[in-house]
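Structure record follows, encoded as structure tokens.
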Protein chains: 2
Amino acid sequence: EYEYDDEGDLIICRLTKNRRVTVTDFRGKTLVSIREYYRKEGKELPTSKGISLTAEQWSSFKKNVPAIEKAIRKMESRLN
Amino acid sequence: EYEYDDEGDLIICRLTKNRRVTVTDFRGKTLVSIREYYRKEGKELPTSKGISLTAEQWSSFKKNVPAIEKAIRKMESRLN
């Protein structure tokens, strides 16, 4: 049921054709990455366009999801 | 109650001293960014290390938060 990429990272989802969310074990640390990839010689490789969060940063990020939602709603109501 | 950065973007939270989550209006489109900043001449400026999600990408990402959580738990239970 799980899909892994060419680097052996677990693909959680694809946000666009080239952007994906992965969960990786990097030297014993779990990282959550949101990153762009490019295709080279049949392989999909990560670009520097993206960010990898440590478990601690992810936990802090996740707590702020409702605040992000609220800010988006506020911004969009101002734009319309 | 809201904090804005030197670029006028709404700061949702700081994940580390140099990493922050912002919500921005970019030419009428709302973007959610997770990005590293650096300090230059007293100003904090964005680096290319990060990613900016459109509202559509954010929505797709948000739906996958439980899957990310599940993958982290799975990975950490395998490591311990």
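Which residues' amide hydrogens lie under 5 Å from the amide hydrogen of B:Leu15, considering only partners 5 or more residues apart or on another chain, with H built in the peptide plane?
The list, which skips near neighbours in sequence, is B:Arg20, B:Val21.
All other residues with a Cβ under 13 Å from the Cβ of B:Ser48 taken together, and with Lys, Arg as +1 and Asp, Glu as -1, what is their net charge? Present the calculation step by step, with values, prior to reporting the outcome.
Details: positive: A:Arg35, A:Lys49, B:Arg35, B:Lys49; negative: A:Glu36, B:Glu36.
Here the count lands on +2.
Contact order normalised by length for chain B, with contacts defined as Cα pairs under 8 Å and 6 or more residues apart; what percent is it? Mind showing how you got there, number by number?
Working: 104 pairs, mean separation 14.4, N = 80.
This gives 18 percent for chain B.
With charges set only on the Cβ (+1 for Lys and Arg, -1 for Asp and Glu), what does the dipole of the protein assembly as shown come to about its Cα centre, in debye to the nearest 20?
60 debye
So how tilted is helix B:65-79 from the main axis of chain B? Cα-based, degrees 0 to 90, rounded to 10.
Compared with the principal axis, the helix lies near 60 degrees.
Taking beta carbons within 10 Å but only from partner chains, what does the mean come to for residues A:65-71?
Across the residues of A:65-71, the mean count of other-chain Cβ atoms within 10 Å is 6.
Restricting attention to the range A:16-80, which GluC sites (Glu not before Pro) occupy a DSSP loop and are surrounded by at most 16 other Cβ atoms within 10 Å?
Numbers: sites: A:Glu36, A:Glu41, A:Glu44, A:Glu56, A:Glu69, A:Glu76; in loops: A:Glu41.
Passing both the DSSP loop test and the Cβ count: A:Glu41.
What average number of partner chain Cβ atoms lie no more than 10 Å from the Cβ of the residues making up B:7-14? Before the final figure, lay out each step's value.
On the way: counts 0, 0, 0, 6, 1, 7, 6, 3.
The shielding value for this peptide is 3.
For the protein assembly as shown, rounded, prolate or oblate, judged on the Cα gyration tensor with a ≥ b ≥ c (square roots of eigenvalues), a/c < 1.5 rounded, else prolate if a/b > b/c? Present the calculation step by step, with values, prior to reporting the outcome.
Values: a/c = 1.59, a/b = 1.58, b/c = 1.01.
Prolate is the answer for the protein assembly as shown, as a/c is 1.5 or above and a/b outweighs b/c.
Calculate the mean, over all residues of peptide A:52-60, of how many other protein chain Cβ atoms lie within 10 angstrom of the residue's Cβ. Mind dumping the intermediate values first?
Details: counts 1, 5, 2, 3, 2, 6, 5, 3, 6.
Mean shielding count: 4.
Between the DSSP loop rule and a limit of at most 10 other Cβ atoms within 10 Å, which trypsin sites (Lys or Arg not before Pro) in the range B:2-49 are left?
On the way: sites: B:Arg14, B:Lys17, B:Arg19, B:Arg20, B:Arg27, B:Lys29, B:Arg35, B:Arg39, B:Lys40, B:Lys43, B:Lys49; in loops: B:Lys17, B:Arg27.
Answer in residue order: B:Lys17, B:Arg27.
Of B:Gly8, B:Asn64, B:Pro46, which is farthest on the positive side of the dipole of chain B, counting Cα position, with +1 on Lys and Arg Cβ, -1 on Asp and Glu Cβ, and the Cα centre as origin?
Farthest towards the positive end: B:Asn64.
Just from its helices, what would the mean residue ellipticity at 222 nm be for chain B, if runs of 4 or more DSSP H residues each count -39500 (n - 2.57) and the sum is divided by every residue, rounded to the nearest 500 deg cm²/dmol?
The per-residue figure over chain B is -9500 deg cm²/dmol.
Charges only on Cβ, +1 for Lys and Arg, -1 for Asp and Glu: so what's the dipole of chain A about the Cα centre, in debye to the nearest 20?
Working: 17 positive and 13 negative charges, 116 e Å.
Value, rounded to 20: 560 debye.
Under a Cβ-Cβ cut-off of 12 Å, what is the net charge of the residues other than A:Met75 that fall near it, where Lys and Arg count +1 and Asp and Glu count -1?
Details: positive: A:Lys70, A:Arg73, A:Lys74, A:Arg78, B:Lys29; negative: A:Glu69, A:Glu76, B:Asp9, B:Asp25.
Once all neighbours under 12 Å are counted, the net charge is +1.
Values quoted throughout were computed directly from the atomic coordinates according to the rules given, and no laboratory measurement underlies them. If you're wondering where the values come from, they're calculated on a predicted model, not measured in any experiment. So basically every Cβ, Gly included, is an ideal-geometry build from the backbone, and we count neighbours across all protein chains shown.
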